[in-house]
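One structure is given here, and the rest of the page talks about it.
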Amino acid sequence: MNLEIFIMNGYGIYVWSSFAFTFFICLFLYLKTKKTLKKLEKDFVKEAQNLPEKQFEDVKRQKIAKEILISQSRS
Amino acid sequence: MIKFLNPSYVFKLSGKLLNIFKTFLPPLVIVGLIFSLFLSPKDYIQGDSVRIMYVHVPSAWISLISFVAISFFCILNFLFKLKNVTLIYKSLAPIGLTFNIIAIITGSLWGQPTWGTWWAWDARLTSMLVLMFFYIAFIFSYKFITNSERSIKACAFISVLGLINVIIIKYSVEWWSTLHQPSSISLTNETTVHFSMLVPLGLMVFALFMYVAVIFLMKYRIETIRIKKKSIKKI
């Protein structure tokens with residue numbers, strides 16, 4: 001195995017650390033944002049379903065609410 | 001154009017765009033990483049440490065462009081009180097801060113083998129650090145100021161001050177003698193980066209901007225759902 005790819009004439013530690021740091025920060029931000037989005041969508045659906053029938057039907061008619069309900073039912 | 005001011009249209013569009021970007025992002029990142037880490041040549045002076053440029057430069061650009069966009073939307077909101085615009089800058093600010101931190105850390109990791117120091121109080125580095133504080137102050141001002149009128153004013157004030165700092169960042173390498181090199185890529189002057197390095201840089205810029213778009217759209221949806229949740233509670 002060619003170790004030069006990792007060592008990079010002694011610069012490997014700096015190069016790999018930079019890429020690893022960027023990758024993990026981006027991954028963390030992505031997972032955290034995704035988790036928050038899913039949680040909010042779930043909470044929204046729960047709150048909407050707890051409304052009385054007529055009000056729930058009103059909420060379902062709103063475009064954004066409809067979109068959230070569809071995306072939740074898909075997942 | 002007017003339909004882009006309609007929150008329900010934008011929300012629906014964000015869902016569609018999110019799916020498209022999520023599909024293209026992983027292959028683009030993989031190709032970008034292969035080019036940056038393995039296929040691009042070494043620099044004749046800096047050797048392999050130049051590869052740090054492929055994450056450092058796009059991160060710095062994203063943090064600067066995000067702040068300029070935030071300032072633009074804050075001023076727009078201050079003048080015309082558009083609700084949708086608030087969602088845009090609230091979604092952009094955490095992304096800008098993240099990439100500002102990435103730019104500072106990767107810059108430090110590049111500085112050690114190139115300049116022999118992790119940090120220097122030179123104009124470019126210091127002004128980037130100041131930008132980080134502007135981002136933090138901006139996020140605090142919309143998170144902790146509950147009065148919306150005051151929050152809009154504070155956000156506009158901080159963003160205008162921060163915009164002055166962005167101009168200082170841009171011209172710091174020309175106005176002062178700095179450790180940081182002048183810009184190698186320019187829209188108006190000749191670009192001094194070789195084509196073999198421009199390709200991986202372009203790929204990484206494209207990949208990271210697509211990543212920013214994904215996070216931005218997700219955050220935009222989060223902010224919209226928060227508002228919708230509040231309106232449900234009022235029913």
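What the table shows:
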{"item": "Those residues of the stretch B:98-121 which are open to solvent by 30 Å² or more (accessible area, probe 1.4 Å) and at the interface with chain A (Cβ under 10 Å from one of its Cβ atoms), in sequence order", "result": "B:101, B:105, B:110, B:112, B:113, B:114"}
{"item": "Unique match (being of a type in the set (A, V, I, L, M, F, W, C), without any contact (Cβ under 8 Å) to a residue 40 or more places away in the chain, farther than 30 Å from residue B:12 by Cα and more than 14 Å from every other protein chain (Cβ to nearest Cβ)) among B:144, B:133", "result": "B:133"}
{"item": "Residues within the stretch A:38-47 that are closer than 13 Å to residue A:70 by Cα and facing chain B (nearest Cβ under 7 Å), tallied", "result": "2"}
{"item": "Among the residues listed as B:186, B:172, the single one being outside any helix (DSSP H, G or I) and of a type in the set (Gly, Ala, Ser)", "result": "B:186"}
{"item": "Check on residue A:27, open to solvent by 90 Å² or more (accessible area, probe 1.4 Å) and among the aliphatic types (A, V, I, L, M)", "result": "no"}
{"item": "Which numbered condition residue B:201 fails, given (1) in a helix (DSSP H, G or I); (2) open to solvent by 20 Å² or more (accessible area, probe 1.4 Å); (3) more than 10 Å from chain A (Cβ to nearest Cβ)", "result": "(2)"}
{"item": "Yes/no for residue A:33 being within 11 Å of the chain's Cα centre (by Cα) and surrounded by 14 or more Cβ atoms within 10 Å (Cβ to Cβ)", "result": "yes"}
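Yes/no matrix, rows are residues, columns are (1) surrounded by 15 or more Cβ atoms within 10 Å (Cβ to Cβ); (2) more than 20 Å from the chain's Cα centre (by Cα):
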site: B:135; (1), (2): yes, no
site: B:156; (1), (2): yes, no
site: B:176; (1), (2): no, yes
site: B:212; (1), (2): yes, no
site: B:229; (1), (2): yes, yes
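Per-residue answers, yes or no, for (1) open to solvent by 60 Å² or more (accessible area, probe 1.4 Å); (2) more than 10 Å from every other protein chain (Cβ to nearest Cβ); (3) at pLDDT below 95; (4) in a helix (DSSP H, G or I):
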{"site": "B:32", "(1), (2), (3), (4)": "no, yes, no, yes"}
{"site": "B:63", "(1), (2), (3), (4)": "no, yes, no, yes"}
{"site": "B:68", "(1), (2), (3), (4)": "yes, yes, no, yes"}
{"site": "B:71", "(1), (2), (3), (4)": "no, yes, no, yes"}
{"site": "B:79", "(1), (2), (3), (4)": "yes, yes, yes, yes"}
{"site": "B:93", "(1), (2), (3), (4)": "no, yes, no, yes"}
{"site": "B:96", "(1), (2), (3), (4)": "no, yes, no, yes"}
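The values are calculated or read from the model by the stated rules, or taken from the named source; none is laboratory data. Treat the numbers as computed from the prediction; the structure is a model and nothing was measured. Heads up, the Cβs are rebuilt from the backbone with ideal geometry, glycines too, and the neighbour counts pull from every protein chain shown. Protein only, heavy atoms only, side chains kept; ligands, DNA and RNA dropped before computing areas. Shrake-Rupley method; radii C 1.70, N 1.55, O 1.52, S 1.80 Å.
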